[in-house]
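Enquirer: One structure coming up, written as structure tokens, with questions to follow.
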């Protein structure tokens with residue numbers, strides 16, 4: 001086996017053993033682009049060797065997706081097939097793990113009618129609402145990873161041919177996921193431990209507010225709800241089995257109080273949303289809600305995102321990532337949220353993770369709302385970190401603590 005093939009197999013092992021932490025006789029669902037069939041077969045092979053009872057593949061294809069948007073009538077996009085949700089719930093109820101391979105061409109739908117995209121996104125969000133409870137509440141283990149595709153690689157590395165771009169993107173992914181180290185599995189276990197230690201410090205402080213400021217004009221105060229929980233690195237499913245939801249991951253995160261966000265924030269990296277880019281945007285919040293917004297690129301797409309439902313205009317996540325993270329240091333803009341969010345502090349429009357508040361996974365929607373937890377059909381991260389970002393936390397006793405200074409941890 002050649003060096004690259006060996007590396008691929010090690011990457012597949014890392015995802016199965018550490019990412020999803022597959023258990024014996026557990027089913028596995030993999031959502032993946034057909035362009036990645038070779039790697040998906042490798043994942044399935046490793047999964048069966050680890051004792052998977054069944055591996056189900058949910059395929060997608062950029063070319064067919066674009067053809068559909070170009071040719072199908074609007075009513076097709078208004079209706080999300082029920083069988084798609086039924087299939088995912090079927091496996092969720094059997095205790096399956098869910099691996100999603102995110103490798104979209106960031107400009108796939110740039111010439112498509114944005115209204116079609118908005119309608120399709122909303123229909124899919126509604127259609128998958130029941131299934132998302134299994135992952136957002138950590139009932140089931142889940143893991144989001146990436147592999148290069150030609151369209152994505154060519155967007156990231158514009159000045160080389162397609163084959164070289166794919167090779168370079170593989171190299172960047174391997175570095176970002178610690179595959180370049182001698183023992184990636186042990187390196188990940190150490191990394192998860194360090195993120196959990198950061199989370200423990202923040203939980204101990206129990207901050208009331210966070211104040212974000214930087215020279216680009218960001219001046220935002222976030223109130224944190226009573227009982228909020230900082231998490232980072234690993235999660236545990238309903239059976240107490242640990243897993244890593246994102247590979248790579250460099251963040252510790254919690255949720256802001258839905259009605260407690262005030263001020264202005266500027267994005268610092270492009271957001272790839274449904275095959276379109278939104279870039280250089282500014283948001284103004286009042287009592288939690290976006291009251292004004294401007295985007296130099298993708299203004300209409302941003303408008304449609306914020307109008308998916310009322311909850312899309314509020315925030316569901318705040319995540320802290322040092323500017324010196326390996327992904328940031330690569331100086332690569334990946335145009336893929338999985339990577340770009342781990343190069344930068346970020347916020348998320350829309351639904352909050354119920355697991356980010358004490359006993360949230362056992363609360364009803366009404367109880368979550370009363371506790372200040374935002375609900376929405378969407379959850380979209382956007383990046384706000386910079387090399388001069390300051391974050392000051394204030395406790396309930398009035399103590400002020402510098403959490404970030406010049407884009408780095410200060411604690």
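The values are calculated or read from the model by the stated rules, or taken from the named source; none is laboratory data. Everything numeric in this text was worked out from a predicted model, so none of it was measured. We place every Cβ from the backbone using ideal geometry, glycine too, and count neighbours over all the protein chains shown.
Enquirer: Does region 133-146 hold any residues that are part of a helix (DSSP H, G or I) and crowded, with 17+ Cβ neighbours inside 10 Å, and which are they?
Expert: 134, 135, 136
Enquirer: Out of 3, 9, 79, which single residue is surrounded by fewer than 20 Cβ atoms within 10 Å (Cβ to Cβ), in contact (Cβ under 8 Å) with a residue 12 or more places away in the chain and farther than 30 Å from residue 298 by Cβ?
Expert: On inspection, the qualifying residue turns out to be 9.
Enquirer: Ok, one more. Considering (1) surrounded by 17 or more Cβ atoms within 10 Å (Cβ to Cβ); (2) within 20 Å of residue 255 (Cβ to Cβ); (3) at pLDDT 95 or above, say which one residue 353 fails and leave the rest.
Expert: (3)
Enquirer: Next question. Would a scan of region 291-301 turn up a residue that is crowded, with 18+ Cβ neighbours inside 10 Å, at pLDDT 95 or above and not in a strand (DSSP E or B)?
Expert: There is no residue in region 291-301 that is crowded, with 18+ Cβ neighbours inside 10 Å, at pLDDT 95 or above and not in a strand (DSSP E or B).
Enquirer: Confirm whether residue 172 is assigned by TED's automatic domain parsing to the domain that holds residue 78, in contact (Cβ under 8 Å) with a residue 60 or more places away in the chain, under 25 Å from residue 10 (Cβ atoms) and part of a helix (DSSP H, G or I).
Expert: Here the answer is yes, as residue 172 does meet what is asked.
Enquirer: Pick from 95, 127: which is on the phi > 0 side of the Ramachandran plot and touching a residue at least 12 places away in the same chain (Cβ under 8 Å)? Don't jump to the end; show me each part of the working.
Expert: Details: 127 fails: on the phi > 0 side of the Ramachandran plot.
One residue alone meets the criteria, 95.
Enquirer: Scan region 110-130 residue by residue and report those that are buried (at least 20 other Cβ atoms within 10 Å of the Cβ) and in contact with a helix residue (DSSP H, G or I) (Cβ under 6 Å, 6 or more places away or on another chain).
Expert: 120 - this is the single residue of region 110-130 that is buried (at least 20 other Cβ atoms within 10 Å of the Cβ) and in contact with a helix residue (DSSP H, G or I) (Cβ under 6 Å, 6 or more places away or on another chain).
Enquirer: Suppose the filter is crowded, with 18+ Cβ neighbours inside 10 Å, in contact with a strand residue (DSSP E or B) (Cβ under 8 Å, 6 or more places away or on another chain) and part of a strand (DSSP E or B); does residue 99 pass it? Write out each step before concluding.
Expert: Numbers: crowded, with 18+ Cβ neighbours inside 10 Å: yes; in contact with a strand residue (DSSP E or B) (Cβ under 8 Å, 6 or more places away or on another chain): yes; part of a strand (DSSP E or B): yes.
Yes, satisfied.
Residue by residue, here is whether (1) crowded, with 20+ Cβ neighbours inside 10 Å; (2) under 18 Å from residue 315 (Cβ atoms) holds:
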{"residue": "152", "(1), (2)": "yes, no"}
{"residue": "158", "(1), (2)": "no, no"}
{"residue": "170", "(1), (2)": "no, no"}
{"residue": "176", "(1), (2)": "yes, no"}
{"residue": "187", "(1), (2)": "no, no"}
{"residue": "204", "(1), (2)": "no, no"}
{"residue": "218", "(1), (2)": "yes, yes"}
{"residue": "231", "(1), (2)": "yes, yes"}
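Enquirer: Now, a different point. From the list 317, 394, exactly one residue is surrounded by fewer than 24 Cβ atoms within 10 Å (Cβ to Cβ), within 22 Å of residue 208 (Cα to Cα) and under 15 Å from the mean Cα position of the chain (by Cα). Which is it?
Expert: After applying the criteria, what remains is 317.
Enquirer: Taking the conditions exactly as written (in contact (Cβ under 8 Å) with a residue 12 or more places away in the chain, touching a strand residue (DSSP E or B) at 6+ places or on another chain (Cβ under 6 Å) and on the phi > 0 side of the Ramachandran plot), does residue 21 satisfy them or not?
Expert: Answer is yes for this residue.
Enquirer: Quick one: how many residues across region 82-92 are closer than 17 Å to residue 52 by Cβ and surrounded by fewer than 13 Cβ atoms within 10 Å (Cβ to Cβ)?
Expert: Total satisfying the criteria: 0.
Enquirer: Is it fair to say residue 315 is touching a strand residue (DSSP E or B) at 6+ places or on another chain (Cβ under 6 Å), modelled with pLDDT of 90 or more and under 27 Å from residue 157 (Cα atoms)?
Expert: no
Enquirer: Further question on the same structure: Restricting the search to region 331-341, which residues are at pLDDT 90 or above and out of contact with any strand residue (DSSP E or B) (no Cβ under 7 Å at 6 or more places or on another chain)?
Expert: Listed by number, the residues that qualify are 332, 334, 339.
Enquirer: Let me confirm something: among 272, 262, 292, 307, which residue is in contact (Cβ under 8 Å) with a residue 12 or more places away in the chain and touching a strand residue (DSSP E or B) at 6+ places or on another chain (Cβ under 7 Å)? Walk me through how you get there before you give the answer.
Expert: Working: 272 fails: touching a strand residue (DSSP E or B) at 6+ places or on another chain (Cβ under 7 Å); 292 fails: in contact (Cβ under 8 Å) with a residue 12 or more places away in the chain; 307 fails: touching a strand residue (DSSP E or B) at 6+ places or on another chain (Cβ under 7 Å).
Matching residue, one of 272, 262, 292, 307: 262.
Enquirer: Within region 310-345, track down each residue that is touching a residue at least 60 places away in the same chain (Cβ under 8 Å) and farther than 25 Å from residue 294 by Cβ.
Expert: Hits for region 310-345 are 320, 322, 324, 325, 326, 327, 330, 332, 338, 339, 342.
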